[in-house]
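Below: the structure, in structure tokens.
The values are calculated or read from the model by the stated rules, or taken from the named source; none is laboratory data. The structure presented is a predicted model; accordingly, all values stated were derived computationally and were not measured. Cβ placement follows ideal geometry from the backbone for every residue including glycine, while neighbour counts extend to all protein chains displayed. SASA here: full protein model, heavy atoms, side chains in, ligands and nucleic acids out. Shrake-Rupley method; radii C 1.70, N 1.55, O 1.52, S 1.80 Å.
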Amino acid sequence: YVAAVYEHESILSPNPTVLVDRQSALELMGRNLDIYEEQVVAAARQGAQIIVFPEDGIHGFNFTRSSIYPYLDFVLHSRSVKWNPCREPYLFNDTEVLQRLSCMALKNKIFLVANLGTKQPCEYTDPHCPTDGRYQFNTNVAFNDDGVLVATYRKHNLYFEYAFDTPPEPDYEVFDTPFAGKFGMFTCFDILFFEPAVNLIRRYNVKQVVYPTAWMNQLPLLSAVEFQQAFATAFKVNILAANIHHPTLGMTGSGIYTPVKSFIYHNMESYGGKLIVAEIPVITIDYENNLEKTAGRASEKGKEQLPPLFYAEMMYDNFTLVPVWGQKGELQVCANTLCCYLNYRRAVLTDELYALGVFDGLHTVHGTYYVQACALVKCGGLSFSTCGQEVTDATALIDFQLWGNMSTPYIFPLLLTSGITLDFADDMGWKNNHYYISKNRTSSGLLTAALYGRWYEKD
């Protein structure tokens, strides 16, 4: 099927904390929706059957609970009501944004997924009801090619979003399409948690995912395109990921991903939006997991001249590392219960420092979640203290096999190359209770090769 995602540079409110009236809010959102409309037309012309827009793309961000209120549409979060906002605008008040999105889908005969702020009144008898008598949700909506609202999803894992409420229960939202079957959806930070993302995929056997996000890139392990691809690879799903484009805030990185191919956009240099259209295969069956390939073993020899252990902060976590010196070698490094092993060979010895790092613990900055990570990274300079820094360019071509005795089955294989480009591993999987990833000769200089494990039970 042909899919489209749009990386949108939102027109933002100059003063998001100031209270405005509904009319002013609609004017600002209308300017973003005008751009959406142009992109829907362009995508439909290129044969796209579905288009996905980013999180916060219509209203922007940095609101307070009260200042976002004029920007919120009313959405009845109910599967029992079949509603076409374009054809039945009179059914509910405060649904102008939904009406426009619905009409775009209808006019262009395309499935459309967008993110907006929504409100829902609640009764004081509801124990979860906020004191102001309403819920405010960060919401994804999906319309079919006839403009009918077919799914609403309320973001579960909020990322410092004080204007919004967490829904009382996680939403598991799927909608059906004639061209690719079931799609599931979740938003941004949700991708790092078991609920609802992992549970949705497992419970409903979802193979296609739509994913609006407003993601701030963080190298070396959590760049948007890097993690989006890792998720598609780990769960063997297609992901249609739309990010917003604000390079000054570190926000870029969208793509259409299959488990074996990616169509991405990452651009920190220029401004404006970007439409990606790609044809991808429908995933219907589970990919074969051929895990009986041989994973190497770090040998016992060479104990006498072990490289020095050192510590450095990476992703706000205290990693234990060893330098990756010389043209080839075998290394291991351990922390807590996790040991990471690396066999490597460099095509040419370059003047670049690499290190193999391990972290097994609770990540506590910008969210709390348990991580097990084995990471081969290029350091920012030639001193150990630069390992873990954000690096975007590299020249070293490295053959490697990386493995670790991970305690969780949820492992995201990261493979990021120079200029924030992506590569795919030759092989990965479980062998002898170790998870491994291997690659002969990256397509360009290696920035990061890592196994990013999420141990959800220990969150």
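Would you work out what percent of the accessible area of the chain, with all protein chains in place, is carbon or sulfur (probe 1.4 Å)?
For the chain, the apolar C and S fraction of the accessible surface comes to 51 percent.
Work out how much length Asp351 to Asn405 would gain on full extension: take 0.36 nm times their residue separation and subtract the Cα-Cα distance, in nm to one decimal.
16.3 nm
For His246, what charge total do you get from the other residues with a beta carbon under 11 Å from its beta carbon, if Lys and Arg give +1 and Asp and Glu give -1?
Summing Lys and Arg as +1 and Asp and Glu as -1 gives -3.
Would you kindly state how much longer the chain becomes between Phe263 and Val365 on full extension, computed as 0.36 nm times their sequence separation minus their alpha carbon distance, in nm to one decimal?
Gain on stretching Phe263 to Val365: 33.7 nm.
Leaving out same-chain residues fewer than 8 places away, which lysines sit with a Cα under 24 Å from that of Lys119?
Lys82, Lys155
Per 10 Å bin, what is the whole-percent P(r) computed from every C-alpha pair distance within segment 150-235?
Percent of pairs per bin, in order: 16, 49, 30, 5.
How do Ser66, Ser80, Ser418 rank by accessible surface area computed with a 1.4 Å probe, from largest to smallest? Write out the running numbers ahead of the final one.
Details: Ser66 65, Ser80 105, Ser418 25 Å².
Final ranking, largest accessible area leading: Ser80, Ser66, Ser418.
Could the peptides 24-34, 191-201 be put in order, highest first, of the mean number of other beta-carbon atoms found within 10 Å of their residues?
Listed from highest to lowest mean packing, they are 191-201, 24-34.
Compare His434, His8 by solvent-accessible area with a 1.4 Å probe and give them largest first, with all protein chains kept in place.
From most accessible down to least: His434, His8.
So, in Å, what gap is there between the alpha-carbon centers of segment 14-60 and segment 84-116?
After rounding, the separation between the Cα centres reads 12 Å.
Going through the DSSP H helices of the chain, which span 27 Å or more along their own axis at the Cα atoms while scoring at least -0.5 as a mean Kyte-Doolittle hydropathy?
Helices meeting the span and hydropathy rule in the chain are 22-45.
By the scheme Lys and Arg +1, Asp and Glu -1, what is the net charge of all other residues having a beta-carbon under 11 Å from that of Cys122?
-2
For Asn199 and Ser78 in the same chain, what is the full-extension length gain: residue separation times 0.36 nm, less their Cα-Cα distance, in nm?
Length difference between fully extended and current span is 41.5 nm.
How high is the relative contact order of segment 310-458? Use alpha-carbon pairs under 8 Å, at least six apart in sequence, and give a whole percent.
24 percent.
Using the Karplus equation 6.51 cos²θ - 1.76 cosθ + 1.60 (θ = phi - 60°), what ³J(HN,Hα) coupling, rounded to whole Hz, does each residue of segment 417-425 give in order, writing x for Gly and Pro?
So the Karplus estimates, Gly and Pro as x, are 10, 3, x, 6, 10, 10, 9, 10, 5 Hz.
If the limit is 20 Å between Cα atoms, which of Lys236/Lys261; Lys261/Lys378; Lys207/Lys439; Lys109/Lys207 go over it? Provide the component values of the computation, followed by the final result.
Details: Lys236/Lys261 11 Å; Lys261/Lys378 24 Å; Lys207/Lys439 26 Å; Lys109/Lys207 23 Å.
Pairs exceeding the cut-off: Lys261/Lys378; Lys207/Lys439; Lys109/Lys207.
What does segment 310-458 give for Rg and for Dmax, in Å, if only its C-alpha atoms count?
That works out to 14.1, 42 Å for Rg and Dmax.
Kindly provide the pair-distance distribution of the chain built from C-alpha pairs, with 10 Å bins from 0 and whole-percent values in order of increasing distance.
4, 21, 30, 23, 14, 6, 1, 0
Please compute the per residue accessible area over segment 310-458 with all protein chains in place, 1.4 Å probe, rounded to a whole number of Å².
It amounts to 37 Å² per residue over segment 310-458.
Using Cα-Cα distances under 8 Å and only pairs 6 or more residues apart, what relative contact order does the chain have, in percent?
Details: 1163 pairs, mean separation 56.8, N = 459.
Rounded, it is 12 percent for the chain.
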